[in-house]
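Asks: Pasting a structure here, questions to come.
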């Protein structure tokens with residue numbers, strides 16, 4: 001065969017191969033597989049209705065909805081073979097287009113799902129009542145502790161993107177353990193709908209759970225309120241930080257506050273932790289000042305006296321340092337050191 005003929009055959013073959021690759025590229029490229037339309041996350045639940053089993057998915061804010069028909073049930077995280085969904089599975093429903101939910105009971109999706117992904121096997125569970133969610137998740141999710149040390153009242157930090165101030169973590173919930181089911185290795189917490197969505201949606205990319213560093217103070221305050229003066233004198237006083245704010249309010253506890261200014265009219269304090277953060281003092285807030293010297297004496301002062309002292313401090317030192325007890329998002333006690 002002449003050289004020109006061979007070159008022509010190779011060129012034609014190359015064109016054919018290029019066309020085939022262009023056709024197959026969307027299926028070979030993993031980015032295409034990640035393209036999604038409408039997505040829902042929920043927990044699989046088996047209902048016993050008149051002696052027959054009916055499988056639903058419990059979706060935060062939407063309730064129990066029948067598991068839609070699909071031709072594809074997959075999992076990127078599970079290695080074992082599975083043929084069907086199980087009670088307690090955390091799943092992701094992916095629809096190719098807009099889909100509506102028909103208000104029957106259980107509710108129904110108007111279209112079949114493009115695919116259903118099993119994100120994790122149980123024991124997950126979800127109950128919804130009066131706009132709140134009760135969520136159960138595996139005890140093994142809580143890092144650095146054993147099941148024997150977990151009990152109702154323990155506070156848990158829920159984080160995404162790692163843990164610790166230098167790891168870029170994002171804490172999206174600080175929750176109290178509502179119950180422990182040792183037989184099922186389940187931990188129950190109470191959370192709002194947005195927090196429940198954040199948990200289920202974030203689980204796929206990585207949700208971490210830790211016993212909160214605020215644990216000892218929080219549990220002590222419930223049974224025996226901590227005296228702010230004693231807390232300060234014992235050398236405590238962790239600085240108020242951005243992660244101490246949950247839904248715009250400071251979590252109950254005692255903190256060292258560094259104020260930029262105190263508003264006499266609004267009876268609030270501005271702190272540099274978050275931009276434009278104004279924290280209110282409660283109506284019956286107690287203001288205590290340490291007397292000068294080493295007398296060990298303290299005196300109660302009015303809010304106006306406290307505001308004047310804080311103003312003097314901010315004039316000379318830019319911020320005024322004091323210890324504050326927070327309860328229900330407000331400052332209820334203040335100790336102003338000498």
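Asks: Please find, among 167, 205, the residue that is at pLDDT 75 or above, out of contact with any helix residue (DSSP H, G or I) (no Cβ under 6 Å at 6 or more places or on another chain) and assigned to a loop (DSSP other than H, G, I, E, B).
Replies: Numbers: 167 fails: at pLDDT 75 or above.
Answer to the selection: 205.
Asks: Return the residues of region 189-207 that are crowded, with 19+ Cβ neighbours inside 10 Å and either without any contact (Cβ under 8 Å) to a residue 60 or more places away in the chain or assigned by TED's automatic domain parsing to the domain that holds residue 59 (or both); say none if nothing qualifies.
Replies: 189, 191, 198
Asks: Out of curiosity, is residue 228 in contact with a strand residue (DSSP E or B) (Cβ under 8 Å, 6 or more places away or on another chain), at pLDDT 85 or above and either surrounded by 15 or more Cβ atoms within 10 Å (Cβ to Cβ) or not assigned by TED's automatic domain parsing to the domain that holds residue 156 (or both)?
Replies: Answer is no for this residue.
Asks: Run residue 46 past the list (1) more than 23 Å from the chain's Cα centre (by Cα); (2) in contact (Cβ under 8 Å) with a residue 40 or more places away in the chain; (3) surrounded by 14 or more Cβ atoms within 10 Å (Cβ to Cβ); (4) within 22 Å of residue 196 (Cα to Cα) and report the number of the one that doesn't hold.
Replies: Every listed condition holds for residue 46 apart from (3).
Asks: Does at least one position in region 291-306 carry a residue that is modelled with pLDDT of 85 or more, assigned by TED's automatic domain parsing to the domain that holds residue 259, surrounded by 14 or more Cβ atoms within 10 Å (Cβ to Cβ) and more than 27 Å from residue 246 (Cβ to Cβ)?
Replies: Scanning region 291-306 turns up at least one residue that is modelled with pLDDT of 85 or more, assigned by TED's automatic domain parsing to the domain that holds residue 259, surrounded by 14 or more Cβ atoms within 10 Å (Cβ to Cβ) and more than 27 Å from residue 246 (Cβ to Cβ).
Asks: Could you identify the single residue in 250, 262, 273 that is touching a helix residue (DSSP H, G or I) at 6+ places or on another chain (Cβ under 8 Å), at pLDDT below 75, surrounded by 15 or more Cβ atoms within 10 Å (Cβ to Cβ) and not assigned by TED's automatic domain parsing to the domain that holds residue 194?
Replies: The unique qualifying residue is 273.
Asks: Then there's this: Looking at 152, 123, 68, which one is in a loop (DSSP other than H, G, I, E, B), at pLDDT 85 or above and under 27 Å from the mean Cα position of the chain (by Cα)?
Replies: From the options 152, 123, 68, the qualifying one is 123.
Asks: Looking at (1) without any contact (Cβ under 8 Å) to a residue 60 or more places away in the chain; (2) at positive phi, can you tell me which one residue 104 breaks?
Replies: With (1) without any contact (Cβ under 8 Å) to a residue 60 or more places away in the chain; (2) at positive phi applied to residue 104, the lone miss is (2).
Asks: Regarding residue 129, is this residue buried (at least 16 other Cβ atoms within 10 Å of the Cβ), under 26 Å from the mean Cα position of the chain (by Cα) and within 19 Å of residue 194 (Cβ to Cβ)?
Replies: no
The values are calculated or read from the model by the stated rules, or taken from the named source; none is laboratory data. Just so you know, these numbers come straight off a predicted model, no measurement behind them. Using ideal geometry, Cβ is built from the backbone for each residue, glycine included, and neighbour counts are taken over all protein chains shown.
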